[in-house]
Amino acid sequence: MNLNNKKNRRQQILEALAHMLEVSPGARITTAGLAKEVGVSEAALYRHFPSKSKMYEGLIEFIEETLLSRISLINSDSGSALERVEKILHLLLAFAERNPGITRILTGDALAGETERLRVRVAQLFERLETQLRQIFREAELKEGLHFGMSVVETAGLLMAVVDGKLSLYVRSEFKRMPTEAWAQQWHHVVYGILAKQPQLV
């Protein structure tokens, strides 16, 4: 097997895992079930991933690379702080909506009973995202004169809690309550809530 075929098989395994997480909400994924889904033996799975936790890590790496690279592009934009924050939060919601199974990893639902290292890594990703919001808000206070009704830490924490809640609702509803549902209106009211001075929004 050449390197391209090996890479394609790894990708196929990860896609199958994400699909099983989507179609079997609440169920624990077994390597036997995953091997059947891919159409290979369990031994073949382990030739590409030494353990099931490594398969989950592969999906977490995909999440990290996708979100962080796009957030980097958003931050390179010349938009205002609030515009960039809204784009980042919408990115998280839209990414989850397009990847239901993977959202179960983000909420921790799919990681119950798995190694603690996976939950720690997801928690660290959310910490990085929240830190990113704090940085944007601190710059906004200095460069744009924005003032928030709470500290920058509390403001970023509130916004991440809103997103986290929408992702959890998506999983809990078995992917019926879309994360981006009513987001434009919700963001409008969130902005009024976090700013010390009421902006004129249209």
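Miscellaneous remarks
- Scanning the range 55-69 for residues that are surrounded by fewer than 18 Cβ atoms within 10 Å (Cβ to Cβ) and among the β-branched types (Val, Ile, Thr) gives a single hit, 66.
- Those residues of the range 70-102 which are in contact with a helix residue (DSSP H, G or I) (Cβ under 7 Å, 6 or more places away or on another chain), among the charged types (D, E, K, R), under 26 Å from residue 196 (Cα atoms) and surrounded by fewer than 21 Cβ atoms within 10 Å (Cβ to Cβ), in sequence order: 77, 86, 87
- Residue under evaluation residue 138, criteria (1) free of Cβ contacts under 8 Å to residues at least 40 places away in the same chain; (2) under 21 Å from the mean Cα position of the chain (by Cα), criterion not met: (2)
- Test: residue 159 is at pLDDT 95 or above and aliphatic (A, V, I, L, M): yes
- Among the criteria (1) touching a helix residue (DSSP H, G or I) at 6+ places or on another chain (Cβ under 7 Å); (2) of a type in the set (A, V, I, L, M); (3) over 21 Å from residue 181 (Cα atoms), the one residue 43 does not fulfil is (1).
- Restricted to the range 7-57, and to residues there that are touching a residue at least 60 places away in the same chain (Cβ under 8 Å) and not in a helix (DSSP H, G or I), the residue that is nearest to residue 174 (Cα to Cα) is 25.
- On inspection, residue 184 fails the criterion of being within 21 Å of residue 97 (Cα to Cα), in a helix (DSSP H, G or I), of a type in the set (Gly, Ala, Ser) and at pLDDT 95 or above.
- For residue 106: the one exception among (1) more than 12 Å from the chain's Cα centre (by Cα); (2) crowded, with 17+ Cβ neighbours inside 10 Å: (1)
- Close pairs (7 angstrom Cβ cut-off, 6 or more residues apart or separate chains): of a type in the set (D, E, K, R) in the range 151-166, in a helix (DSSP H, G or I) anywhere: 166/93
- Condition broken by residue 175, with the remaining ones in (1) outside any helix (DSSP H, G or I); (2) of a type in the set (A, V, I, L, M, F, W, C); (3) under 28 Å from residue 76 (Cβ atoms) satisfied: (3)
The values are calculated or read from the model by the stated rules, or taken from the named source; none is laboratory data. From a predicted model like this one, the values you see are computed outputs, not experimental measurements. Note that we place each Cβ from the backbone using ideal geometry, even for glycine, and neighbour counts take in every protein chain shown.
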